[in-house]
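The values are calculated or read from the model by the stated rules, or taken from the named source; none is laboratory data. Fair warning: this is a prediction, and the values are worked out from it, not measured in the lab. As a convention, Cβ positions derive from the backbone with ideal geometry for all residues, glycine included, and neighbour counts pool all protein chains shown. For accessibility, only protein heavy atoms count, side chains too; no ligands or nucleic acids. Shrake-Rupley method; radii C 1.70, N 1.55, O 1.52, S 1.80 Å.
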Amino acid sequence: MDLTTHETPANQPAPATEAAPAPATGPAPATEPAAATATEAAPLRVALILGSNREGRFGPVVADWFLSRIRERDDLTADVVDLAETDLPTALSFNPAPAVRAELGKVSPRLAAADAFVVLTPEYNHSFPAALKSLIDWHYQEWQAKPVGFVSYGGVSGGLRAVEQLRQVFAELHSVTVRDTVSFHNAGALFADDGTPKDPTGPDAAAKKLLDQLAWWGGALRTARTAHPYAA
């Protein structure tokens, strides 16, 4: 029996060995947190704020029509915040009384849950209603990093002077106002008895443009807030 050991001489290279080929791999599939994906896919929650609480107001007629425009879309859901159903005082407080806390409880959680806002406002004396200013001033973080669109109505100005003042207010609250608006000049003469516009062509087109812009900003800012909480 031959017990000699066969070794490679010191001055000779060891025989090359072939490694098994590494399995082919492509780029790792991108993954996203399930919660973030679900949030991005969910319809945007739009709070439609009916900004007048005046007796005999025309706002509900315009609001019902605008709601019908929202409900035709799959990417938006609406929650109507009617200021005639709240009673917020104009005197602000860091420690509101129980009655005021109860009134805030009707609206604050709904504003916080919204991804976007549409403010429906008349024009009173070249400005917007006091009830609307109270709602705005009682809140702060609820408005931040969210888009705001405007639907206005009035006399010859169509409420646009109120809208321009509201843009300045919401800029201070870190909101993004949508450029295009819906406005009704001499609004009472533009709607039929059934509450629909007599000539819907212009209003429907304006509403679509506003809602398209609101949806774009709302989706972009919701994604941004989910990834990076906004710091004012």
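Between residue 201 and residue 126, the simple label model (points 7 Å from Cα in the Cβ direction) yields a spacing of 3.5 nm. State the extension gain, in nm to one decimal, for the chain segment bounded by residue 113 and residue 231, taking 0.36 nm per residue of separation less the distance between their alpha-carbons. So the chain would gain 40.7 nm between residue 113 and residue 231.
For the stretch 59-131, rounded, prolate or oblate, judged on the Cα gyration tensor with a ≥ b ≥ c (square roots of eigenvalues), a/c < 1.5 rounded, else prolate if a/b > b/c? The shape class here is oblate.
Rounded to the nearest 20 debye, the dipole size of the stretch 102-232 about its Cα centre is 340 debye, using +1 on the Cβ of Lys and Arg and -1 on the Cβ of Asp and Glu.
Of the options 162, 188, 116, report the single residue whose Cα projects farthest towards the positive end of the charge dipole of the stretch 108-232 (beta-carbon charges: Lys, Arg +1; Asp, Glu -1). Among 162, 188, 116, the one farthest towards the positive end of the dipole of the stretch 108-232 is 116. Packing here is the average count of other Cβ atoms within 10 Å per residue, and on that basis the peptides 163-175, 42-54, highest first, run 42-54, 163-175. Summed over the residues of the stretch 65-151 and divided among them, the accessible surface reaches 46 Å² per residue at a probe radius of 1.4 Å. Pull out a ≥ b ≥ c, the square roots of the eigenvalues of the alpha-carbon gyration tensor of the stretch 157-202, then state rounded if a/c is under 1.5, prolate if not and a/b is larger than b/c, and oblate in the remaining case. The shape class here is prolate. Taking Cα centre as origin and charging only the Cβ of basic (Lys, Arg, +1) and acidic (Asp, Glu, -1) residues, the dipole magnitude of the stretch 37-145 rounds to 160 debye.
Based on the alpha-carbon gyration tensor of the stretch 116-199 and its eigenvalue square roots a ≥ b ≥ c, which shape applies: rounded if a/c is under 1.5, prolate if not and a/b is larger than b/c, or oblate? Cα axes put the stretch 116-199 in the prolate bin. Taking label positions 7 Å along the Cα-Cβ direction at both residue 71 and residue 193, the computed distance is 2.2 nm, reported to one decimal.
Under 5 Å between amide hydrogens, built in the peptide plane, is the criterion, and for residue 78 it picks out 46 among residues at least 5 positions away or on other chains. Here the simple spin-label model places points 7 Å from the Cα toward Cβ, and for residue 165 and residue 101 these points are separated by 3.3 nm.
Ligands, DNA and RNA left out, the accessible area of the stretch 58-212 computed with a 1.4 Å probe is 53% carbon and sulfur.
Along the stretch 205-216 the Karplus relation, 6.51 cos²θ - 1.76 cosθ + 1.60 evaluated at θ = phi - 60°, assigns HN-Hα couplings of 5, 5, 5, 4, 5, 4, 5, 4, 5, 4, 5, 5 Hz to successive residues, with x for each Gly and Pro.
Residue ranges 194-206, 81-93 sort as 81-93, 194-206 when ordered by packing (mean number of other C-beta atoms within 10 Å per residue, highest first). Applying the Karplus relation 6.51 cos²θ - 1.76 cosθ + 1.60 with θ = phi - 60° to the stretch 139-146 yields 3J(HN,Hα) values of 10, 9, 4, 4, 8, 5, 6, 9 Hz, where x marks Gly and Pro.
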